[in-house]
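Take a look at the structure set out below.
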Amino acid sequence: MSKIGFHINPGSSSKAVGSWLQTLHQAGVPFFVQITDDEAALAQAQAFVTAEPQVGHTIIFRRDQLGRQGGFAEPDYDLTPEAAAAAHWQKHRAALPADFDKENIWLELVDRPRGERPFADWLGHFSVHLAQLALADGYKTLAGGFGAGAPDPATWGSDGWLRYFELCQQHPDQLGVALQEFSLKTRDIWFMRGDHIGRFTKLLQTCDDHRIKRPLLYITQLGWTHNRLPSSSEQAMADVEAVADFYDQYPEIVGAALWMLGRGSGGIGRQLGKLVEPLTEWATRPRPAADVFEAEDAVAVPGERRAAPEAAPTRFPMEEPERRALRVLRPLNGRFISDVTIDDDTPIPFGQTFTKTWRVENNGTQPWGNGFTLHFVGGTGGAAQSIPLPPTQPGQQVELSVNLTAPNRSGTFYWDFRFANASGTFFGDIIYARIVAVKPATGGTPDAKFIRDVTIPDDTPIEPGTTFTKTWRVLNNGSVAWGPGFSLRFVGGTAMTNETRVELTAVVPPNSETDLSVTLQAPPTPGSYYGDWRLHDPSGNSFGHLVFLRITVPTPTMPSLAPAMSQRDPLWADKRLGHAGSTKTIGEWGCLLTCLAMTATALGRTTDPRRLNDAMVSNGGFLDLYLTKWKALTDVYSDIIYDGLMTSQPDIIGYIDASLSAGNPVSIHVDFTSATPYTDNDQHWVLIVAKDGDDYRINDPWLLPGQQASLQQRYGIAGQSLWQVIRSAIFYHSTRRTTPVTNPTGDAPARLQTGMNVNPDAPNSNPMSNDDLKGLDWVRFVGKIDARPNPADRNIATAFAQYDPIIRAYQQQGTKSLIILNQETIWGIAPWTGNGNWAGYADQLADAARQMARRYSQYGAGVAYQIWNEGDKRNNPASVFVEPENYARILQKVVPAIRAESPQSPIIFNGMATGPEETVAYLQRTQAALGGNLLVDAVGIHPYTRWATKAPFDWGSKYGTLADAFAIYKQAFPNLPLWITEIGVADDNEIGPQWYREIGDYMADVYRHVQERHRAQVPVVIWFGWSDWMRNAGVVRRDGSRKDHIYPAFRLVRNREL
C-alpha cells in the first residue's frame, strides 16, 4: 500500500494524474487522493472505485469554488454551531456533482478554519451537528481541516471536539478528521517535529487521555511549504519516504496527499509534477529482499486491500510481486502508546508504593497469548515484578500496570520493561517508568481548597445520555503531599457514573495546584442535577472542600417567539458597542441591542448582536456613540415598525399580552438589582417571549448561554404586581407578519425565601426603620407577653403596641413576619415546673395565639406562626424542653385557634435544635400522639454546624453536611417541607474579626447551596441573627456597625446576587 498520494486542484495534468491512478489500480495498490473542485479528476478516480471497490482506494472531494460562488471553506462563525452547520451542509450538498458517489467518496467540508482556542468548542459542536446532518443523508465526511501548525493543542480537549470524536467512534466508516501538515522548511522536513509534521499526535493523545477510540485521520495536505519543494527531486522523495515510514507507525492515518497538482500557489504544481513518476515507482516497487513479506490476509490496515482468505500465509520472494497489498511484517511486535498514570519525573515520597500504567499496542501480525509477559529488564529503581500480558490481537491496544516502590533516597530512578513471548524472546519497544524520589513530609494534615471549574461551568446544559468530563482545579493547602493512595470519591447528589472513586496517580505537593477530573454521563430525564465529590486519604478519611458539578439536562425546546441570545456570547461580547470612540462593549452594555437582535430575528430577519450593531452604526441606530435608540430597528429595517415606548402602569400587561398574541416579542426595562433602590446603573433590558400564567417567560441577554427564564423569579419583588416589575416596554411589529403566533405557557420554579432573625428588645437588633432588610422575605422574632421585664407590661395590648409598627414597617418593605409562640409568650401555669398540666397550658397559649392571629389576619400569609422554639433540646437555657406527647397537646389547641382567625397564615412546627435522627424520632412520636397528622405546614429546623460545600473552621472533620441531614428528613417525611428558621455561627463568647471571612463565605455558600439544590424541600432559610446581641452571631456588631465579610455576604443573599 502507498499511504502517500496527491492533492489535486483544477489545472492539473489529466494525463499524469490518470496514469498515476491507473498504474496503482492495476498493481492492486490503493491510492490516496484529495481532489478540490476538479470534477474531471474526480470522475477518473471515481471510475476506479466504482469498478473495483475492493481494492480500497481513498478519494476525498472538497468544494472550494463553483463558478463565481465561493464561501465553501469556512462556516459562518456569527451563527450558533447548529445553525451554521445547517447552512454549511445545505450549501455543500447543493454544490456536489450530479454523479457524486456518496457511498465511496469522502467529503472534506472545511478548509483551514480558525484554530485559536476561543473557537475550539464552537467548531467542535459545529462539526458534531454537521456530521449528524451528513450521516442522515448517507454521506461520508471529514471534520477539522486545520492548517499547518494549527489548531492550538487544547482545542482537541474541548467538549465539542470530544463529542465529535465519540461520534467518530460510533461511525468509523463514515466520519473522520482531516488535517494539514507542512514542515515550513524545504531543507528540513522534520523542522519542529511534532508541532509541524506529526502534530496529529496531539489529537491522538487527547483521545487516549479521555478513553475515546482514536478516529481515522486523513492528511489532506502534506508538504514543505505551500509554494516550494526541495531543490532536488531526490531530496523530496527521501523526505516523502521518511514521512511515509513515520505515518506507517500509526494505523489511524489512512493516507496523506502531497500539496498539490494544479494551478496556483506559485507554480508548485509544476514542481510536484516531477514527483509523480518516482512516487508511482516507489509505491509499486518491490521491497528489499532481506525483508519477509506476507499477503495481507490476517491484518487489514484502513484503506488496504484484503486478499482472499487462504489456508496459510503465502510467502514469496519480492521479485515476483502479486497484485495485493504488501508490507514488511514483524510477526511479534509491541509499541508504547501513552502513559496512563505517573508521568515521567513525577515526584514520589520515599518508600511509597505506586501503580504505573501504560497503554500499549500489539502492532505485529501475531496475537499475544499464554505465557507472554511484560518482563522487567533493569533500571536504577530496584527490582520489579514481571507481569503476564493479556491475550491481545494484532492492532488491539491494552493497558498494562505494575506496582513499584520509590527508593528511600533522593534522585531520579527508572525501571525498564520488555515484551517477551512464551519462550522468553524479547520483542517490541522498551517501556519504562521514571520517577523522582523525594523526602516525604513529616506529619501534617491533608487539606484541599477549590480554586475554579476548568470544564463544565455550573448549569451547563447537557443533552440526555451525553458523556462528558468534569474537571476542577484544586489547591493542596494542607501540609501533606497527595499521591497514589489518595482518591476523589463521590459523596452525594446524582453519581452519573458507576466509577464513584478516582485514584490519584500524580503526587501533588503542599501549596501546589492540580486538576481533578471525572468522566460522567448526563441522566436521561430533564432536570437539574448535581454531584458532590471529596478527596480522601489512603485511610479513607475525607478532607478539604467538597467539589461539585451542577448540570441541566434540558427539557425539549418549548415554543418561543424568539431564539435566546446572550450579550456575553464570546462571538461578540468583546466587540465595541456603537461608534468608534465608544468605551462600551456588547458584553457589558449591550442588553437592549441583544433584545432588538432577538426581536428582529422573531420578525423574520437573520441577524445577531454583532451584525445588528454594525447595521445600527451605518443607519443611525445609536445616540452619543453607544446609546441604543428606542426605534433603532425601524432605522435599520423598513418592514419593522416601531410602535412606541410605554412606561410602567397597570394596563401595560394588556398591551404586552396583545403584542405576544400577535407574534411580537416585547423588550422591557427592569431593575437589574431589584432588591435595592433603583439607580440609572441598574438599567437592564430583557425580552418577553411568552405568557407564563401570572408571569412572563423572558430571554435574558445577561444569561450565558442564551436561555429562557422567569421574569418574576429574576426581577420580581415581594409584594409587587407583575406590572410593577416592568419599568417600561418597547413595542414593534412587522408589516411582513401574516400569521399570529400562539403564545406558549408553562410553570416557573419557585425561588428560595430568605430571612433574618431580629430582636425588637435589644439595641441595633431590629432595623425596621431603614432598608437594611429590604429584599428579604421574612423577619423572625419572639412574640413576648409574659416575658416582659415590667410586670405591668405583661399583657397582649402592650405586645400589640410594640409589634404593630414592626409588622407594618416590614410589610411595607415587602417582608413578612414569623412570630414565635412559646413560654415567653405565655408562662401561665408552666407545666414544665412540675404540675404537669399540659392540657391547661395549651388552652392558655391557644387563647393568646387566637388574639394574635385575629389582630394580624389582615396580612394573610404575610404573618406566620412558629409554635415553640428548640423545645426538643433538654437543658437549653434559651427554651423549655417539651416531650413530644405534650407538644402534641399544644398543637391540638394552638393550631385550630390560629386557623380559625387567619387561615392563610403558615404554621411552623417548633424549631428543632437536635440532629436529624433525633428530630425524626421526635416528629414520629408527635405524629403518633396526634393520630397521624402533624397539623402544621412545615417543620422548623436549626442545623447549626451543618455545612454545604465549604466547611468553616474544623467543621468538615467534625460535622455532617446539610445534604446529609435533608436526606434523612426526606426519607422519613418525603412530603413535609423544612424551614430553616435559624442557621449561623453563634457563640457565648465574642467571635473575633479573624473569623469573619470564613463565616461570610460559609453563610453565602449555605444560601447558594439550598437555592440551587434543595429549595423544593427547604423553601425558607432564615439567618441567625442581625446583631451581636444575639449570641455574638450578628451581621452587625452591638453598636450597629457592619462586619467586614459577613455584611457583604448578607448583602449578596438579600440582593439575590449569589
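Measuring against 20 Å, Cα to Cα, the residue pairs 784/1043; 449/470; 140/202; 439/958; 774/816 contain 784/1043; 140/202; 439/958 as the ones spanning a longer distance. Residues 673, 583, 155, arranged from fewest to most other Cβ atoms within 10 angstrom of their Cβ, appear as 583, 673, 155.
Under the simplified labelling scheme, the residue 638-residue 173 pair shows an inter-label distance of 5.5 nm, with each label point 7 Å from Cα along Cα→Cβ. Placing a label point 7 Å from the Cα of residue 357 along the Cα-to-Cβ direction, none of the residues of the stretch 225-260 has a backbone N under 11 Å of that point. Reducing the stretch 977-1027 and the stretch 265-285 to their Cα centroids gives an inter-centroid distance of 75 Å. For the stretch 783-942, the alpha carbon positions stretch 40, 33, 26 Å along the principal axes, listed from largest to smallest.
What percent do you get for the relative contact order of the chain when only Cα pairs under 8 Å and 6+ apart count?
6
Rounded to the nearest Å, what's the spacing between the alpha carbon centres of the stretch 841-877 and the stretch 756-827? Just the number, please. Computed from Cα coordinates, the inter-centre distance equals 13 Å.
Each of 587, 606, 627 was scored by the projection of its Cα onto the charge dipole of the stretch 586-734, and the greatest displacement toward the positive side belongs to 606; charges sit on the C-beta of Lys, Arg, Asp and Glu.
Sorted on the mean count of surrounding Cβ atoms within 10 Å across their residues, most packed first, peptides 409-416, 837-844 read 837-844, 409-416.
Rank-order 195-207, 947-959, 1026-1038 by packing density, defined as the average count of other C-beta atoms within 10 Å over each peptide's residues, highest first.
Going from most to least packed, we get 1026-1038, 195-207, 947-959.
With viscosity 1.567 mPa s and temperature 4 °C, the Kirkwood radius over alpha carbon pairs of the chain converts through Stokes-Einstein to a diffusion coefficient of 38 µm²/s. Converting the Cα gyration tensor eigenvalues of the stretch 343-407 into ellipsoid dimensions via √(5λ) gives semi-axes, longest first, of 27, 13, 9 Å.
The lysines within cross-link reach of residue 629, meaning a Cα-to-Cα straight distance under 28 Å and a gap of 8 or more places when in the same chain, are 575, 584, 691.
How far apart, in nanometres, would the label points at residue 1031 and residue 874 be if each is projected 7 angstrom from Cα along the Cα-to-Cβ direction? For the pair residue 1031/residue 874, the computed spacing is 1.9 nm. Between the stretch 230-251 and the stretch 152-181, the C-alpha centres lie 26 angstrom from each other. With 0.36 nm allotted per residue and the present C-alpha distance subtracted, the residue 994-residue 580 stretch has 144.2 nm of extension available.
In terms of its C-alpha gyration tensor, the stretch 465-592 comes out oblate, because a/c is 1.5 or above while a/b does not outweigh b/c. When you count the other C-beta atoms within 10 angstrom of each residue and take the mean per peptide, 598-610, 490-502 line up highest first as 598-610, 490-502. When the convex hull of its Cα atoms is viewed from all sides, the stretch 184-250 shows a mean projected area of 4.8 nm². Cβ-to-Cβ counts within 10 Å put 191, 966 in ascending order as 191, 966, the fewest first.
Rounded to the nearest 500, the helix-only mean residue ellipticity at 222 nm of the chain stands at -7500 deg cm²/dmol, with each DSSP H run of n ≥ 4 adding -39,500 (n - 2.57). This model, with +1 at the C-beta of Lys and Arg and -1 at the C-beta of Asp and Glu, gives the chain a dipole about its Cα centre of some 960 debye. Fraction of C-alpha pairs exceeding 22 angstrom in the stretch 122-208: 30 percent, rounded to a whole number.
Give, as ranges by residue number, the residues of the stretch 973-1000 whose backbone N falls under 12 Å from the point 7 Å along Cα→Cβ of residue 1041. Within reach of a label on residue 1041, which here means backbone N under 12 Å from a point 7 Å along Cα→Cβ, the stretch 973-1000 contributes 993.
Between residue 925 and residue 798, how high is the FRET efficiency from 1/(1 + (r/R0)^6) when r is the Cβ-Cβ distance and R₀ = 56 Å? Nearest 0.05.
Calculated transfer efficiency: 0.95.
Under the Kirkwood approximation for Rh and a Cα-based Rg, what ratio Rg/Rh is obtained for the stretch 51-158?
0.98
Each of residue 515 and residue 410 was given a label point 7 Å from its Cα along the Cα-to-Cβ line. The distance between the two points is 3.1 nm. On the basis of the beta-carbon distance and an R0 of 56 Å, residue 944 and residue 135 show a calculated FRET efficiency of 0.50.
Quick note: the coordinates plus some simple rules give every number you see, no bench work behind them. Being a predicted model, the structure only gives us computed values, none of them experimental. Please note: Cβ atoms are built from the backbone with ideal geometry, for glycine as well, and neighbour counts cover all protein chains shown.
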